[in-house]
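Here is the structure we will look at.
The values are calculated or read from the model by the stated rules, or taken from the named source; none is laboratory data. What you see is a predicted model; the values in this text were computed from it and never measured. Glycine also receives a Cβ, built like all others from the backbone with ideal geometry; neighbour counts cover every protein chain displayed.
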Amino acid sequence: MSADLSPEPGPDLEYPETSITVPVLAGMGVNLVSLAIGEPYTMAALGLLTGLAATFLWSRRPLAWLIFAAVLSANPANTTTPVALNLFCAGSFLVFMRRSGWKALPRLSQLALGFVLLSMIISVLAAFLSEGSKPLFNPTAAGRIWATTWTRGASMEALISQGVALVNYLLGPFLLIPLVFSRIHREHDSALLLKGLVYGLLMPTLLLFLLARTFGRPVIDTNALSENMLNVSTFHLGKLDIQMIRTQVGIILAALICASFAVVVSQAQRTTRLAATGCLGTAAYMLLVTGSVGSTLSALAGIMLILVLGKQRFSLKRYLVLLSAAVVLGLASWAFLPSGVQKYAESRYETRVSHSGSSTDDRSWRWRKSFNFLMDNPSGVGWSLYIEPLGTYPHNDYLTYAIAYGLLCGLVYLFDVTGLLYAFVSVSTARLDPSRFALALVGAGTLAAVVINSMSDHLTSNRWYFNVVWSVIWYAFFASRALLRPSTQRPAGTSSRGEGVR
């Protein structure tokens, strides 16, 4: 995949490290305010205002702007607001600042965007033009307005429902999120970019997880009761619920583990690697607590890919030291688990590995029913995770996209994630400095976890986690390629670290 990295009008500036600290603090401030407000439409209005303000305030400071948007991807209100808050920044930039910003996307991603929109249009036309169209989903039973598909016919309810899904699940990963991070090409300090990944994308979500588990009120829901309350998975923090159900939180924890591990094994600055080590330990501990077998295996697959790619630059001695440290870290994380949670996690792994669970828990049963439903409705029925006629969730993101917007869309989504993975794996490492090599490893490991885990779980079930994972992917993609063209001359008064007169 190649990207159009031609510079924007105006001076090509480099920025000091305040371009990270200030937007991180501002973004986390908005995230904490969200916990205090809670009301989704108030938060949507706040998201629009902050997106506009940040876009105009940092219009010529792209690094600060994109770090702020990155932190907002971890906003707890993203799961309740109609549109995730970080997408308002991209929308503001696209509408008010640079209408041709989509041209910075890789060409294959532009094609993918075109095909998924085409697939959605075909799906809508097929639903409205077919005779005898009847409701497939009951909006009352679904309980939320955006669970209504367009098979119910043309209605304001369906329009709002599917408009929300369009922005979050199609325009989000295919246009708006990559639009934000395409501006990385104006920053040429690779060490600063790697630090921005750790502080702007890895830490905010994990900090909120720690706050939820430490200060949140455990919610005794059906998931907790079914597990004898050994693993309470919902925490009420402020006025919002933070879901840590294994089928929701597993994929993002696997992705954060791979991204953190890639930074830890790299030749990054010591402080950056120490921060990433803290993220790695926290994410690994929480993944053990969830007992998500599929996410654990996908995280291990991502780590193995990182190690395979890293052998091009790392010595055998470095490998042995890192692997020893990883084993010690894993054992330490397990030792700190409460005995009840240890037994719960052991039972989960034993059930999955020995296949002794009930047939209704078998993913292949869900995939088979979902695939048959897709063959009966190849043009799609509109976005909704729960397939009511089947009484089940597909537990497969590729099937989810195909059932929603048609077989073509499911294939394009599969092509997009695997194509991006190939782009990271095939990049010429000889042209990358240590920090950009680390960013390439971040993208490869994260995508490996997503490609595998999306076969058995739903990344799309939580828009907070969905936005963070796709933000990590696109940040790593553009940051690892930002120096493939030579930078312009630095403005007077700046040093090579970007610290100087402003």
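How many of the residues in region 83-99 are modelled with pLDDT under 90 and either under 14 Å from residue 40 (Cβ atoms) or surrounded by fewer than 19 Cβ atoms within 10 Å (Cβ to Cβ) (or both)?
5
Restrict the check to region 483-492 and report whether at least one residue is modelled with pLDDT of 50 or more and surrounded by fewer than 24 Cβ atoms within 10 Å (Cβ to Cβ). Before the answer, list the steps.
Within region 483-492, the subset modelled with pLDDT of 50 or more is 483.
Add one more test, that the residue is surrounded by fewer than 24 Cβ atoms within 10 Å (Cβ to Cβ), and what stays is 483.
Looking for residues that are modelled with pLDDT of 50 or more and surrounded by fewer than 24 Cβ atoms within 10 Å (Cβ to Cβ), one finds at least one in region 483-492, hence yes.
Can you tell me which residue in region 181-210 is modelled with the highest pLDDT, limited to those that are of a type in the set (Gly, Ala, Ser) and touching a Gly at 6+ places or on another chain (Cβ under 9 Å)? Quick ask: steps written out before the conclusion?
Start the filter on region 181-210 by keeping residues that are of a type in the set (Gly, Ala, Ser), which leaves 182, 190-191, 196, 200.
Checking which are touching a Gly at 6+ places or on another chain (Cβ under 9 Å) leaves us with 182, 200.
Working: 182: 88, 200: 95.
Looking at residues that are of a type in the set (Gly, Ala, Ser) and touching a Gly at 6+ places or on another chain (Cβ under 9 Å), I get 200.
For a quick check of your reading of the model, give me the residue pairs whose first member lies in region 242-267 and is under 17 Å from residue 467 (Cβ atoms), whose second is among the basic types (Lys, Arg), with beta-carbon atoms closer than 9 Å and at least 6 apart or on different chains.
These pairs meet every condition: 242/213; 244/213.
Restricting to region 383-405, name every residue that is at pLDDT below 85 and not hydroxyl-bearing (Ser, Thr, Tyr). Can you show your working first?
Narrowing region 383-405 to residues at pLDDT below 85: 384-393.
Result: 385, 387, 388, 389, 390, 391.
Looking at 382, 406 in this structure, which one is more than 20 Å from the chain's Cα centre (by Cα) and within 26 Å of residue 252 (Cβ to Cβ)? Let's see the steps before the verdict.
Working: 406 fails: within 26 Å of residue 252 (Cβ to Cβ).
On inspection, the qualifying residue turns out to be 382.
Take region 389-407 and flag every residue that is among the aromatic types (Phe, Trp, Tyr) and assigned to a helix (DSSP H, G or I).
Quick first cut of region 389-407, residues among the aromatic types (Phe, Trp, Tyr) only: 393, 398, 401, 405.
Scanning region 389-407 gives 398, 401, 405.
Return a yes/no flag: does region 419-432 have any residue that is free of Cβ contacts under 8 Å to residues at least 60 places away in the same chain and buried (at least 24 other Cβ atoms within 10 Å of the Cβ).
Step one: filter region 419-432 for residues free of Cβ contacts under 8 Å to residues at least 60 places away in the same chain, giving 421-422, 424, 426-428, 430-432.
Narrowing the set further to residues that are buried (at least 24 other Cβ atoms within 10 Å of the Cβ) leaves 424.
The answer is yes; a qualifying residue exists.
With the condition kept exactly as written, say whether any residue in region 3-21 is at pLDDT 80 or above, of a type in the set (A, V, I, L, M, F, W, C), surrounded by 16 or more Cβ atoms within 10 Å (Cβ to Cβ) and within 26 Å of residue 460 (Cβ to Cβ). Steps first, answer last, please.
So the first thing to find is which residues in region 3-21 are at pLDDT 80 or above, and the list is 19-21.
Going one step further and asking which of them are of a type in the set (A, V, I, L, M, F, W, C), we end up with 20.
Filter once more, keeping what is surrounded by 16 or more Cβ atoms within 10 Å (Cβ to Cβ): 20.
Then drop every residue that is not within 26 Å of residue 460 (Cβ to Cβ), which leaves none.
Checked region 3-21: no residue is at pLDDT 80 or above, of a type in the set (A, V, I, L, M, F, W, C), surrounded by 16 or more Cβ atoms within 10 Å (Cβ to Cβ) and within 26 Å of residue 460 (Cβ to Cβ).
Kindly evaluate residue 166 against the criterion of being under 29 Å from the mean Cα position of the chain (by Cα), closer than 19 Å to residue 86 by Cα and at pLDDT 80 or above.
Numbers: under 29 Å from the mean Cα position of the chain (by Cα): yes; closer than 19 Å to residue 86 by Cα: yes; at pLDDT 80 or above: yes.
Judged against the criteria, residue 166 is a match.
Of everything in region 100-123 that's in contact (Cβ under 8 Å) with a residue 40 or more places away in the chain and surrounded by fewer than 20 Cβ atoms within 10 Å (Cβ to Cβ), which residue is farthest from residue 404 (Cα to Cα)? So that I can check it myself, show each step before the final result.
Residues of region 100-123 in contact (Cβ under 8 Å) with a residue 40 or more places away in the chain: 101-109, 112-113, 115-120, 122-123.
Still in the list and also surrounded by fewer than 20 Cβ atoms within 10 Å (Cβ to Cβ): 102-103, 107-108, 115, 117-118, 122.
Details: 102: 24, 103: 27, 107: 25, 108: 22, 115: 14, 117: 12, 118: 13, 122: 11 Å.
Checked region 100-123; the qualifying residue farthest from residue 404 (Cα to Cα) is 103.
When the residues of region 211-235 are filtered to those that are loosely packed, with under 14 Cβ neighbours inside 10 Å and at pLDDT 80 or above, which remaining residue is farthest from residue 23 (Cα to Cα)?
217
Might you let me know whether region 410-418 holds any residue that is at pLDDT below 90, among the polar types (S, T, N, Q), surrounded by fewer than 24 Cβ atoms within 10 Å (Cβ to Cβ) and assigned to a helix (DSSP H, G or I)? Talk me through it step by step, then tell me what you get.
Residues of region 410-418 that are at pLDDT below 90, as a first pass: none.
No, region 410-418 contains no residue that is at pLDDT below 90, among the polar types (S, T, N, Q), surrounded by fewer than 24 Cβ atoms within 10 Å (Cβ to Cβ) and assigned to a helix (DSSP H, G or I).
Looking at 90, 112, 69, 74 in this structure, which one is assigned to a loop (DSSP other than H, G, I, E, B) and under 19 Å from the mean Cα position of the chain (by Cα)?
Details: 90 fails: assigned to a loop (DSSP other than H, G, I, E, B); 112 fails: assigned to a loop (DSSP other than H, G, I, E, B); 69 fails: assigned to a loop (DSSP other than H, G, I, E, B).
Going through 90, 112, 69, 74 in turn, the sole match is 74.
Every residue in region 289-316 that is crowded, with 20+ Cβ neighbours inside 10 Å, in a helix (DSSP H, G or I), within 20 Å of the chain's Cα centre (by Cα) and modelled with pLDDT under 90, please. Before the answer, list the steps.
Taking region 289-316 and keeping what is crowded, with 20+ Cβ neighbours inside 10 Å, we get 289-292, 294-296, 298-299, 302-303, 305-306, 309-310.
Filter once more, so that each one left must be in a helix (DSSP H, G or I): 289-290, 294-296, 298-299, 302-303, 305-306, 309-310.
Add one more test, that the residue is within 20 Å of the chain's Cα centre (by Cα), and what stays is 290, 294-296, 298-299, 302-303, 305-306.
Selection gives 290, 294, 295, 296.
Looking at (1) crowded, with 20+ Cβ neighbours inside 10 Å; (2) in contact (Cβ under 8 Å) with a residue 60 or more places away in the chain; (3) of a type outside the set (Asp, Glu), which is the only condition residue 50 fails?
Of everything listed in (1) crowded, with 20+ Cβ neighbours inside 10 Å; (2) in contact (Cβ under 8 Å) with a residue 60 or more places away in the chain; (3) of a type outside the set (Asp, Glu), residue 50 misses just condition (2).
Do you know which residues across region 457-479 are outside any helix (DSSP H, G or I) and crowded, with 24+ Cβ neighbours inside 10 Å? It would help to see each step written out before you state the result.
So the first thing to find is which residues in region 457-479 are outside any helix (DSSP H, G or I), and the list is 457-458, 462.
If the condition is that a residue be outside any helix (DSSP H, G or I) and crowded, with 24+ Cβ neighbours inside 10 Å, then 457 is the only one that fits.
Among 400, 392, which is the only one that is of a type outside the set (Gly, Ala, Ser), out of contact with any Lys or Arg (no Cβ under 7 Å at 6 or more places or on another chain) and either surrounded by fewer than 20 Cβ atoms within 10 Å (Cβ to Cβ) or over 28 Å from residue 481 (Cβ atoms) (or both)? Before you say what the answer is, go through the steps one by one.
On the way: 392 fails: out of contact with any Lys or Arg (no Cβ under 7 Å at 6 or more places or on another chain).
When all the criteria are applied, what remains is 400.
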